[in-house]
Amino acid sequence: MTSFRFIHTADLHLDTPFTGLKKLPDSIFEQIKQSTFQSFDQIVELCIRYKVDFLVIAGDIFDLEDRSLRAQIFLRSRLEKLSDHGIHTYMIHGNHDPNDQVKAWMNWPEKVHIFSDQQVESVIFSKDNQELALIMGQSYPTKEFKERIVQYYQRDKEKNLFHIGILHTNVDGNKDHDSYAPSSFKELVNQEMDYWALGHIHKSTILSSQKPYIVYPGNHQGRNKKEKGTKGCYIVEVKQNQVEKMDWVETSQIIWEEIEVDISQIAHMPTLIEKIEEKIEMAIEYWKKPLILQIHLQGETELHFELTQEIKQEELREWLNGRFEKELHWVYIDQLYVETIAFGLEKWIEKGTFLGDYINELEIFLQETEILDLKKEVFEELFKNRAIKTHLPNEFVDLPEQLAKDTKNLIYQYFVREDIKR
């Protein structure tokens, strides 16, 4: 027999605290806290149902350097379940759970192999006394691990086995992620692996769909608004040392998503609410899972000035959350973005009108004083520091633009609101 099957997952972040979501109702917050655990439970069930031979976890198993005992006990029990079914687990630690921060000792099941943090290590997977795969990997010894270890993943040309490289890396320096254990696409190809089981990037991405397969499965459960849509893992089937088939399977328990609602021509709040509810119900029907939504209100509407008031936005958000939070597939509106313009405003800001000239002068002032450059010079620099970034809301980086937008809205409201209403 020369065939085998494995599941490739990564970035479980099992003890994610979800600190930014504590304003949610307790029942919903508890489900969100459990979501990463439940998603991994689904991966375990997939391993058993599809009778895979082993599970690969490519780093960031835990979310915190100081791994919670609860998360470790949970993981051990699930891997023990796999072991009882004859399924092996091969895993590495990444930048979120480096080996120098282990605080609790755990006796892992017999069929679990955690790769060394001292060097790239190789193990052989055998089935029915036949060697089938050579699996290589290295855990992070420290959080800020920036050594280029990809060079040490060397194919053993004396063994005619399927070679798998497990690496937690930022290929070609993705700007949205820290460049830990950096690598390039060219380096990965040159190392002559058959399959690169990557982790670190939370979006499912196949960088190469032929030998060598270079695959990011993404994380198994979205944890914030940047991790939209379904999440999952890959089931990989290998025959005669070739990838025969690769299937992506969804494991999300909760979906993060954003929807746009065109409220052009809507002049009354009840009509607006009906329009938003209609869009939300369509999202529920499509996803058929609990949703955390970012809603973008767009279009030219007489409700513009009312909607720009924070108190009105909060009242609308609370109403919608109350409407949908008791459903089986509940919906929670995390943020409401007002991107509308006032009905009939264009005629007031045409060139030659007083307001048009005033707005033009404001734009010149903003450019000359380089207020918007604060984003590049200050805010983006802050966000490069991961330690600082975790304590700032995501919207903080857009503050200069928001201040300019709020200024314009106040001017519009002061000059034209009464006339528009007439």
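Values quoted throughout were computed directly from the atomic coordinates according to the rules given, and no laboratory measurement underlies them. Bear in mind that the values here come from a model prediction, so they are computed numbers and not experimental data. We place every Cβ from the backbone using ideal geometry, glycine too, and count neighbours over all the protein chains shown.
Remarks
- Zone of Tyr337's modelled label, taken as backbone nitrogen in region 228-270 under 14 Å from a point 7 Å along Cα→Cβ: 228, 257-262
- Here the simple spin-label model places points 7 Å from the Cα toward Cβ, and for Lys226 and Glu325 these points are separated by 2.7 nm.
- For region 35-191: rounded, prolate or oblate by the Cα gyration tensor [a/c cutoff 1.5]: oblate
- At most 14 other Cβ within 10 Å, DSSP loop - GluC sites (Glu not before Pro), region 66-162: Glu110, Glu144, Glu147, Glu158
- Beta bridges from DSSP with both residues in region 163-216: antiparallel share about 25 percent, rounded to the nearest 5.
- The Cβ shell under 9 Å around Asp53 holds other residues with a net charge of +3, Lys and Arg each +1, Asp and Glu each -1.
- The HN-Hα couplings worked out from phi for region 156-168 by the Karplus form 6.51 cos²θ - 1.76 cosθ + 1.60 (θ = phi - 60°) are 8, 6, 7, 10, 7, 10, 6, 9, 10, x, 9, 9, 9 Hz, whole numbers, x standing for Gly and Pro.
- Each residue, His268 and Gln154, gets one label point 7 Å from its Cα in the Cβ direction; the gap between the two is 7.8 nm.
- Count Lys and Arg as plus one, Asp and Glu as minus one, and take only other residues whose Cβ is under 14 Å from that of Val236; the net charge is then 0.
- Rounded to the nearest 20 debye, dipole of region 116-204 from Cβ charges on Lys, Arg, Asp, Glu: 180 debye
- 3J(HN,Hα) couplings calculated from phi for region 24-32 with the Karplus curve 6.51 cos²θ - 1.76 cosθ + 1.60 (θ = phi - 60°) are, in sequence order, 5, x, 3, 5, 6, 4, 5, 5, 5 Hz; Gly and Pro show x.
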